[in-house]
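Comments concern the structure below.
What follows draws every value from the coordinates through simple rules; no lab data is involved. Note that the structure is predicted; figures quoted are calculated from it, not measured. No Cβ is skipped: glycine too gets one built from the backbone with ideal geometry, and neighbour counts run over all protein chains shown.
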Amino acid sequence: MFNSLRKLISEFGEDGKHPSRFEDNDYRLAAAALLVHAAAIDGSVSDAARDKLHILIKQRFNLDDDATDELVAEATEAEQKAIDLYQFTARLNRSLDEAGRARMVEMMWQIAFTDGVVTEFEDNLIWRAADLLGVSQGERIALREQVSASRTGDAKP
């Protein structure tokens, strides 16, 4: 009985909060941080971008609303502390296969296209992230066109 109580108490941090369910080395945190960065790179995060971010993360990682909110909050904090993209892309390279890394670039395009206009900051960010993730220029451009076409209803079946 005391061991169970001791374990429960040790699971709480010194500040009384329950520890994060997303560890620093969790690839989901790295992925979410890149998406947060993509949403915020043009200076502000619109409600539409915030909603799209929540939907993408929830669906991609099969999370409930509370877990999604927690992951976005932790990713936002990690993104604000980051000095470069490498810490996130390196973790994703170790955790994801080629298709998973391409899916990451696709999700970044989905965030960038949320407001209908891709800024040069968003385009440059995705170019750099794709390069670090080993996604070719041709595939990055194809993913951009695919996401753009799906937004305008011109997507081919």
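What to note about this one:
- Packing-based exposure ordering (other Cβ within 10 Å, fewest first) of I57, I83, I111: I83, I57, I111
- The length gained by stretching the chain between R50 and D66 to full extension, at 0.36 nm per residue less their Cα-Cα distance, is 4.3 nm.
- If R0 equals 30 Å, the separation of the Cβ atoms of E120 and S95 corresponds to a calculated FRET efficiency of about 0.50.
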